[in-house]
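Here's the structure we're looking at; comments come further down.
Here, each number is a calculation from the coordinates, and none is a lab measurement. Predicted model only: the values in this text are computed from it and were never measured. Because the Cβ atoms are built from the backbone with ideal geometry, glycine has one as well, and the counts that use them run over all protein chains shown.
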Amino acid sequence: MATRSPEPAARRPAWHGGWYANARRMDSPNHGPRPPQASVDLIVVHSISLPPGEFGGGHVHRLFMNRLDWDAHPYFQQIRGLEVSTHFFITRAGVLWQFVDVGRRAWHAGRSHYRGRDACNDDSIGVELEGLEGGSFEQAQYATLVTLCKALRQRYPVRYIAGHEHIAPERKHDPGPGFDWRVLRGAFAGTGVLFPPGC
Ligand SMILES: [Zn+2]
């Protein structure tokens, strides 16, 4: 009697609703509805580490879950009470976490403007790379980022990929000059995806 072989990985659905099947899930309380007519066409790349330059301590996860102990490190005083989130977080090892359903509005961009529109949280996907602003990133992170961006393009009409520094240039500088935009540019060559000038 024939037994059914397991479904090949490529045939498994990439998305369960707004949750990416290849991400580890942790539900942040920090999100809200997108405007009804929002056209999600922008991916925003960020960098974050807590405290800055220290990796793997779990503080970033706790920040997005509103569970960071503000007294655990002197730097945390500067961000005490901050309520933020991201859709995705990629660790130094390239492990992908998802904190907010992509159909919901995450709180990563703040005051921002890009491709003629304000308030980029309304109609973008936020991806945080574990890293130090201005520092370099790991090959495993680029690999996960490229795969994720391709999966997002199956779901949304993504036309733009930009850094936080490009959508809020007067306030933000992440991911910074250590991020190699050529990797993304190469991965999306010929697809019509647009990058900021100079990237
Ligand atoms: Zn940022």
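Values as computed for the structure displayed
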{"item": "For Gly110, net neighbour charge (Lys/Arg +1, Asp/Glu -1) across residues whose Cβ lies under 9 Å away", "result": "+3"}
{"item": "Rounded, prolate or oblate (a/c below 1.5 giving rounded, otherwise prolate when a/b exceeds b/c) for the stretch 21-187 by Cα gyration tensor", "result": "rounded"}
{"item": "Length released on extending from Ala38 to Glu83, taking residue separation times 0.36 nm less the Cα-Cα span", "result": "13.9 nm"}
{"item": "The chain: relative contact order as a whole-number percent, Cα under 8 Å and 6+ apart", "result": "25"}
{"item": "Helical contribution to [θ] at 222 nm, DSSP H n ≥ 4, -39,500 (n - 2.57), averaged over the chain, rounded to 500", "result": "-4500 deg cm²/dmol"}
{"item": "Packing-based ranking, highest mean first, of 59-71, 102-114, 22-34, 118-130 given that Cβ atoms within 10 Å are counted", "result": "118-130, 102-114, 59-71, 22-34"}
{"item": "Thr147, Thr191, Thr86, Thr91 arranged by Cβ crowding within 10 Å, fewest neighbours leading", "result": "Thr191, Thr147, Thr91, Thr86"}
{"item": "Computed lengthening from Ala14 to Met26, 0.36 nm per intervening residue step minus Cα-Cα distance", "result": "2.6 nm"}
